[in-house]
Amino acid sequence: LQEITIPATVEYIDSNAFDGCTSLTTVKLLGKETTVKYGNCIPNNDLCVIYCYKNSNTHNSLKDKGFTNIKFFEDLISTKDITVNGVSVGSFNRETKNYTVYLDNTTDVSIVPVFEEENVKYIINNKN
């Protein structure tokens, strides 16, 4: 077992849940409310990365138990095209945090990223 995805319906992970899973390299916690009950339930080393949502209760639970191998779903996306009604209107670069909007100068829009599971959806507001 190298990778496991734990669905959002899981409320907690108990002691030694993955004991003996020495090949485990990736754990994806899809729930924002999953509690990690003990620090030994998931490998806490450089060989196993745990993905969760930043600043979620799951993230806080992992930090409270001393996990240091945490990464965030939000950081998996580097550049994302933004479309409205099937037409590309811009892009968002995760690393630089820059939005590029491909609209004429007479259109004033704001773009807000909304994170859901491993996908990003955008709310585009026309300010006119």
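The values are calculated or read from the model by the stated rules, or taken from the named source; none is laboratory data. Not measured: the values here are computed from a predicted model. FYI the Cβ positions are ideal-geometry reconstructions off the backbone, even for glycines, and counts take in every protein chain you see. With ligands, DNA and RNA removed, areas are computed over all heavy atoms of the protein, side chains included. Shrake-Rupley method; radii C 1.70, N 1.55, O 1.52, S 1.80 Å.
Going through (1) touching a strand residue (DSSP E or B) at 6+ places or on another chain (Cβ under 9 Å); (2) open to solvent by 60 Å² or more (accessible area, probe 1.4 Å) one by one, THR9 falls short only on (1). Checking each residue in the range 19-35 for being under 19 Å from ASP64 (Cβ atoms) and either open to solvent by 40 Å² or more (accessible area, probe 1.4 Å) or basic (Lys, Arg) (or both) picks out LYS32, GLU33, THR35. Of all residues in the range 37-58, exactly one satisfies the criterion of being of a type in the set (Phe, Trp, Tyr) and open to solvent by less than 30 Å² (accessible area, probe 1.4 Å), namely TYR53.
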